[in-house]
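What follows is a set of notes on a single structure, which appears directly below.
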Number of protein chains: 2
Amino acid sequence: MTTSADASGSFPDKGSASHTFVVGVDYGTLSGRAVVVRVHDGAELGSAVLPYEHGVMDRTLSSTGQSLPPDWALQVPSDYVDVLRTAVPQAVAAAGIRPEDVLGIGTDFTACTVLPTLADGTPLCELPEFADRPHAYVKLWKHHAAQPHADRINRLAQERGEGWLARYGGRISSEWEFAKALQVLEEDPEIYARMDHWVEAADWIVWRLCGAYVRDACATGYKAIYQQGRYPAREYLAALNPGFAGFAEEKVARPIGELGSRAGGLTAEAAAWTGLPEGIAVCVGNVDAHVTAPAAQAVEPGQMVAIMGTSTCHVMNYDRLSEVPGICGVVDGGIVAGLWGYEAGQTGVGDIFGWYVDNCVPAAYTAEADRRGQDIHEYLTELAASQPVGAHGLVALDWNNGNRSVLVDHELSGLVVGQTLATRPEDVYRALIEATAFGTRVIIEAYEKAGLPVTELVIAGGLTKNALLMQIYSDVTRLPLSVIGSSQGPAVGSAIHAAVAAGAYPDVHAAARAMGRVHRDVYTPDDERAGRYDALFAEYVTLHDYFGRALDHAGNDVMHRLRRIRREALR
Amino acid sequence: MTTSADASGSFPDKGSASHTFVVGVDYGTLSGRAVVVRVHDGAELGSAVLPYEHGVMDRTLSSTGQSLPPDWALQVPSDYVDVLRTAVPQAVAAAGIRPEDVLGIGTDFTACTVLPTLADGTPLCELPEFADRPHAYVKLWKHHAAQPHADRINRLAQERGEGWLARYGGRISSEWEFAKALQVLEEDPEIYARMDHWVEAADWIVWRLCGAYVRDACATGYKAIYQQGRYPAREYLAALNPGFAGFAEEKVARPIGELGSRAGGLTAEAAAWTGLPEGIAVCVGNVDAHVTAPAAQAVEPGQMVAIMGTSTCHVMNYDRLSEVPGICGVVDGGIVAGLWGYEAGQTGVGDIFGWYVDNCVPAAYTAEADRRGQDIHEYLTELAASQPVGAHGLVALDWNNGNRSVLVDHELSGLVVGQTLATRPEDVYRALIEATAFGTRVIIEAYEKAGLPVTELVIAGGLTKNALLMQIYSDVTRLPLSVIGSSQGPAVGSAIHAAVAAGAYPDVHAAARAMGRVHRDVYTPDDERAGRYDALFAEYVTLHDYFGRALDHAGNDVMHRLRRIRREALR
């Protein structure tokens, strides 16, 4: 049974659509989540989560126990398939629907998460002879060991005046496909030579589902330097390393699939894994942040969606092209077909709060939180909420995991100024929350300077449940905050895309209107607090430029030197 | 029975001196300690400690429970008398000596710790009508609420070219007598009017012991701006505030007692408190850091004594006068009569480590330390000790309690640069230790630039027991470290002074040779580690000048602005 447009243009057919469903699968950093969504209204009927068996390998390689160098982060691709085998059927069972009423499946992934494969898609790490080779595994988005390679990519592109560079804010990230692949070439040339494809995990999982390798427009544009129908030129790549000359043509280039389009039909093998009907629509892959925009009904120009979890991604559509310094990228059709999709991001947000409570909060606090039956985050938040703006006397830089926008520099690091002997844990906790809000304001101001004003901030992701944090973001940005109506935004977004791929809606805009959910203006800025935050934000900006733009601003490059000193000390 | 010089000039008479003793009493921040010392060889025979009943009042006033503003720190003077009543007889009992064999008593105190009294020495806080008035109490050394007053004192002295300013490194501290008194005048003029004397606690306790109010040369020189026989001029004080014109003449000026001289004989009342013989020598008062030098046999030019506890004081004698920018002060006879005594200091050292473990170390660490039966400092030190220099990737500024030398600015605050999601508690702990070592190196370099090279670093105080910390100080300063042979340096130093006051030795040099103890070259610098620390120290200096000398170095005055923002927020 399929649902399609009727002659009047009303999608979907209400009579039958109330009994049709789509499945969205969101591949996060630590787990995969499947959700079953009703096509006609977006109701979420059931979901299931599977943590990855091997998690994130950032200290040792699971297969051998060998140590990994600093800044590495790997994953095991079979963990992704396990999500299809386990979480998808569990979600369908939880939803209480009949599998045969599922019209399609859509997926989204962290990015740039990328792996080397053979021509048939077999990951190199699954070949017995490569099981002990770290470079044969998936490089997770937060693998940051390719920074020297990214630096060379950027330097050379600047020297040669490569036109694509401005589309990425003037700097390519070490997280992306070219930097990570150059690291493979130079550190393990045998792996590089053996790989037929350098595949985004977002596209690899679609390949597993439908048997076709289609590159999605989103990841390919943002992470693989694909602009105006071209990758970086052969001569440029040869100048980086002669062995890299053919990288784009030989290892990357593939047909590009528009977001929301059908990549293929579910294979018999994948139907067996998932329990879904063979042949149903498998949607082109997508990136977790970008796919969230339709789930929050935020696909119109000027609506910025901040997906706030361990890190934050900011995605926004506009009807015009502007090259914004320091953003992650702008891609034609990168969020929805027909609009320019802009992406920016903060590489550590919830991760910083998590690091803080794990490493910097004393026993008296964790014991008191236990006594109250509160999570330590809740307890610190409650303590921090009662203080006036500025009372802690602190300002922090939110770079414990580097900076993705607008500095695009993963070698930056954290900073806290103003601690005294009277500084309490809740003070630093609040200062860290504020620092991440300041980081978001820097991004918003970069867009505004480039002529792309942000008119609405829509928040999605796990941090939406922290009301203090939300209010701080509203006060710091002086914007009203809308909040997505689902706690499973990316998975619902994938389901929306699946509905389009299955033909239930004519495009993502229409599907988002029917299936997305948002609560408008849940938080609004308080003028007095906003004024106090202006003063703290000015301090943040001064420190931001001094430590983050040392060369341009007569600043201090100490963060980079400390990284070098650390590497030398550990050698 | 007394011991005095015999005709041959050999001090003391060995026959009788082995049966004579002196008592030293050290008044610290939280407790008073008495120690009984044998005159002829400095053997420590017994000691006792009494914590102050009222501790440090930095949040509320004990008498009423009323809140105190930020940066206040008060004490109750009767707590000091309780030490005489309790700890002194306990120490004598513990020593197993006969009280009648005690020749004298010497005392030392934190400074500048200062209180308002009537003409007879009665503290104003002991008058019932003033018991609820914070300004009637002792202002402890770390009362920092007079910073605005200190700023005015410094600005005006600079404008008028006051000659004494250079003797204090170019800046007077908010901790000292004039700033604290100006705060009393302007915030509680009734208290100011009513006080007959503004008395160093160091001299007040001697007054209690012998009935005579003698100002000691040490505190008067370092803390009361007494130079070349004069206090700041009446016209200068009037320009600060007309009501302050007579402050020096009326409330401060008194006869000055040389260090090691006799202030008077023990009164009957004090003999009853202490159980010591009436009439024995009571030595002129002294400051805890300065009095430690003879206990460590470090009273010759170029020997720097660093007394490292909650804060660090650096005292050093020289045979010549040089005005060293940023030091606390240089005073003729300020450490021993006949030499120029130089003082510098770091206002937070052990206090920072204490704050860190109380506020920033997670339960998993404190539980593991418990399991091992270790103090949390020991456990963190053990973890930190195994890492190579620079491996943590951090650099910190040790200003959580402000900066006493060479910036003399209590509104500065702490800073940590370089934290990542991989940063562990032991990493920050080590970075904080290193920051304090860098702070000491800044002081040593300031002396060297002024033509006063430091030839030996002698460490005293509670932190000597941390071997990692000691080695880091040796590596960072590239100096061999000697360690005092007593864990009760100030009390032993006071006892040495008492022996001189009682006539058992001709001067402090001779008494120090006989009674002091030091272990030479316990730690020596490692050249490779020292080289790596040079690189980190360069980073420290850059940050030090950027944040601490904002006006002179095109830096960033953010720490002061954050203090202002904090005060406004809490108003």
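The values are calculated or read from the model by the stated rules, or taken from the named source; none is laboratory data. Keep in mind the model is a prediction, meaning the values are calculated, not measured. Reconstructed Cβ throughout: ideal geometry from the backbone, glycine too, with neighbour counts over all protein chains shown.
Only one of these is out of contact with any strand residue (DSSP E or B) (no Cβ under 8 Å at 6 or more places or on another chain) and on the phi < 0 side of the Ramachandran plot: B:A530, B:A504, B:A499, B:A495. Name it. Reasoning before the result, please.
On the way: B:A504 fails: out of contact with any strand residue (DSSP E or B) (no Cβ under 8 Å at 6 or more places or on another chain); B:A499 fails: out of contact with any strand residue (DSSP E or B) (no Cβ under 8 Å at 6 or more places or on another chain); B:A495 fails: out of contact with any strand residue (DSSP E or B) (no Cβ under 8 Å at 6 or more places or on another chain).
The match here is B:A530.
Can you confirm whether segment B:275-286 contains a residue that is out of contact with any Phe, Trp or Tyr (no Cβ under 9 Å at 6 or more places or on another chain), surrounded by fewer than 23 Cβ atoms within 10 Å (Cβ to Cβ) and outside any loop (DSSP other than H, G, I, E, B)? Outline the logic, then answer.
Pass one, segment B:275-286, residues out of contact with any Phe, Trp or Tyr (no Cβ under 9 Å at 6 or more places or on another chain): B:275-284.
This time we only want the ones that are surrounded by fewer than 23 Cβ atoms within 10 Å (Cβ to Cβ), so: B:275, B:277-279.
Cutting the leftovers down to outside any loop (DSSP other than H, G, I, E, B) gives us none.
No, because not a single residue in segment B:275-286 is out of contact with any Phe, Trp or Tyr (no Cβ under 9 Å at 6 or more places or on another chain), surrounded by fewer than 23 Cβ atoms within 10 Å (Cβ to Cβ) and outside any loop (DSSP other than H, G, I, E, B).
Okay, residues lined up against (1) surrounded by fewer than 17 Cβ atoms within 10 Å (Cβ to Cβ); (2) more than 19 Å from B:S174 (Cα to Cα):
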residue: B:Y226; (1), (2): no, no
residue: B:R230; (1), (2): yes, yes
residue: B:Y236; (1), (2): no, no
residue: B:N241; (1), (2): yes, no
residue: B:G246; (1), (2): yes, yes
residue: B:P255; (1), (2): yes, yes
residue: B:L259; (1), (2): no, yes
Every listed condition ((1) within 8 Å of chain B (Cβ to nearest Cβ); (2) in contact (Cβ under 8 Å) with a residue 24 or more places away in the chain; (3) surrounded by fewer than 22 Cβ atoms within 10 Å (Cβ to Cβ)) holds for A:G414 save (3)
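Is it fair to say A:D319 is among the charged types (D, E, K, R), touching a strand residue (DSSP E or B) at 6+ places or on another chain (Cβ under 9 Å), without any contact (Cβ under 8 Å) to a residue 60 or more places away in the chain and more than 14 Å from chain B (Cβ to nearest Cβ)? Full working, then the answer.
Numbers: among the charged types (D, E, K, R): yes; touching a strand residue (DSSP E or B) at 6+ places or on another chain (Cβ under 9 Å): yes; without any contact (Cβ under 8 Å) to a residue 60 or more places away in the chain: yes; more than 14 Å from chain B (Cβ to nearest Cβ): yes.
It is true that A:D319 is among the charged types (D, E, K, R), touching a strand residue (DSSP E or B) at 6+ places or on another chain (Cβ under 9 Å), without any contact (Cβ under 8 Å) to a residue 60 or more places away in the chain and more than 14 Å from chain B (Cβ to nearest Cβ).
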State yes or no: is B:D101 of a type in the set (D, E), touching a strand residue (DSSP E or B) at 6+ places or on another chain (Cβ under 9 Å) and under 27 Å from B:A289 (Cβ atoms)?
no
Of all residues in segment B:544-571, count the ones that are more than 7 Å from chain A (Cβ to nearest Cβ), aliphatic (A, V, I, L, M) and under 28 Å from the mean Cα position of the chain (by Cα).
1
Look at segment B:547-560 and say how many of its residues are free of Cβ contacts under 8 Å to residues at least 40 places away in the same chain and buried (at least 21 other Cβ atoms within 10 Å of the Cβ).
1
I'd like to check something: does segment B:361-377 contain any residue that is out of contact with any Phe, Trp or Tyr (no Cβ under 6 Å at 6 or more places or on another chain), surrounded by 23 or more Cβ atoms within 10 Å (Cβ to Cβ), modelled with pLDDT of 95 or more and of a type outside the set (A, V, I, L, M)?
no
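Of the residues that sit in segment A:329-344 and are of a type outside the set (G, A, S) and outside any loop (DSSP other than H, G, I, E, B), which one is nearest to the chain's Cα centre (by Cα)? Please lay out each step first, then the result.
Within segment A:329-344, the subset of a type outside the set (G, A, S) is A:330-332, A:335-336, A:339-340, A:342-343.
Among the residues that remain, those that are also outside any loop (DSSP other than H, G, I, E, B) are: A:330-332, A:340, A:342-343.
Details: A:V330: 15, A:V331: 15, A:D332: 18, A:W340: 18, A:Y342: 13, A:E343: 10 Å.
This residue is A:E343.
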Being within 24 Å of A:D203 (Cα to Cα), within 24 Å of the chain's Cα centre (by Cα) and buried (at least 20 other Cβ atoms within 10 Å of the Cβ) narrows it down to one residue among A:G169, A:G104, A:G121; which is it?
A:G104
Positions within segment B:378-404 being under 30 Å from the mean Cα position of the chain (by Cα) and over 30 Å from B:S173 (Cβ atoms), in sequence order:
B:E378, B:Y379, B:L380, B:T381, B:E382, B:A384, B:A385
Within segment A:105-118, is there a residue that is of a type in the set (A, V, I, L, M), out of contact with any Gly (no Cβ under 8 Å at 6 or more places or on another chain) and not in a strand (DSSP E or B)?
yes
Say we look at segment B:345-371 and pick out the residues that are assigned to a helix (DSSP H, G or I) and under 30 Å from B:E323 (Cα atoms); which of these is nearest to the other protein chains (Cβ to nearest Cβ)?
B:D351
All but one of (1) farther than 16 Å from A:V508 by Cβ; (2) modelled with pLDDT of 95 or more; (3) away from chain B (no Cβ under 14 Å) hold for A:C328, so report the exception by its number.
(2)
Residues being touching a helix residue (DSSP H, G or I) at 6+ places or on another chain (Cβ under 7 Å), at pLDDT 95 or above and buried (at least 19 other Cβ atoms within 10 Å of the Cβ): count how many of those fall in segment A:11-55.
23
Evaluation of A:T86 against (1) surrounded by fewer than 23 Cβ atoms within 10 Å (Cβ to Cβ); (2) over 30 Å from A:L182 (Cα atoms); (3) touching a helix residue (DSSP H, G or I) at 6+ places or on another chain (Cβ under 7 Å) (one fails), failing number:
(3)
Given the conditions (1) within 12 Å of another protein chain (Cβ to nearest Cβ); (2) surrounded by 18 or more Cβ atoms within 10 Å (Cβ to Cβ); (3) not hydrophobic (A, V, I, L, M, F, W, C), every one holds for A:G516 apart from (1)
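Can you tell me which residue among B:A435, B:A422 is of a type in the set (A, V, I, L, M), crowded, with 24+ Cβ neighbours inside 10 Å, within 13 Å of chain A (Cβ to nearest Cβ) and touching an Asp or Glu at 6+ places or on another chain (Cβ under 9 Å)? Let's see the steps before the verdict.
On the way: B:A422 fails: crowded, with 24+ Cβ neighbours inside 10 Å.
B:A435 is the lone residue from the list that is of a type in the set (A, V, I, L, M), crowded, with 24+ Cβ neighbours inside 10 Å, within 13 Å of chain A (Cβ to nearest Cβ) and touching an Asp or Glu at 6+ places or on another chain (Cβ under 9 Å).
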Just name the residue that is surrounded by the fewest Cβ atoms within 10 Å (Cβ to Cβ) out of those in segment B:124-146 that are among the small types (G, A, S) and touching an Asp or Glu at 6+ places or on another chain (Cβ under 9 Å).
B:A145
Is it the case that A:G390 is modelled with pLDDT under 95 and either more than 14 Å from chain B (Cβ to nearest Cβ) or in contact with a helix residue (DSSP H, G or I) (Cβ under 6 Å, 6 or more places away or on another chain) (or both)?
no
Go through B:L468, B:L407 for me and flag whichever is more than 20 Å from the chain's Cα centre (by Cα), of a type outside the set (V, I, T) and either more than 14 Å from chain A (Cβ to nearest Cβ) or buried (at least 21 other Cβ atoms within 10 Å of the Cβ) (or both).
B:L468
Does any residue of segment A:364-377 turn out to be more than 29 Å from the chain's Cα centre (by Cα), of a type in the set (K, R) and within 27 Å of B:G402 (Cα to Cα)?
no
Among the helices (runs of 4 or more DSSP H) lying completely within segment B:142-256, list those that include at least 2 residues that are touching a residue at least 24 places away in the same chain (Cβ under 8 Å) and more than 30 Å from B:I105 (Cβ to Cβ).
B:147-160, B:177-187, B:189-194, B:234-240
Conditions: (1) closer than 17 Å to A:V315 by Cβ; (2) modelled with pLDDT under 95; (3) aliphatic (A, V, I, L, M). A:A550 meets all but one. Number of the miss?
(1)
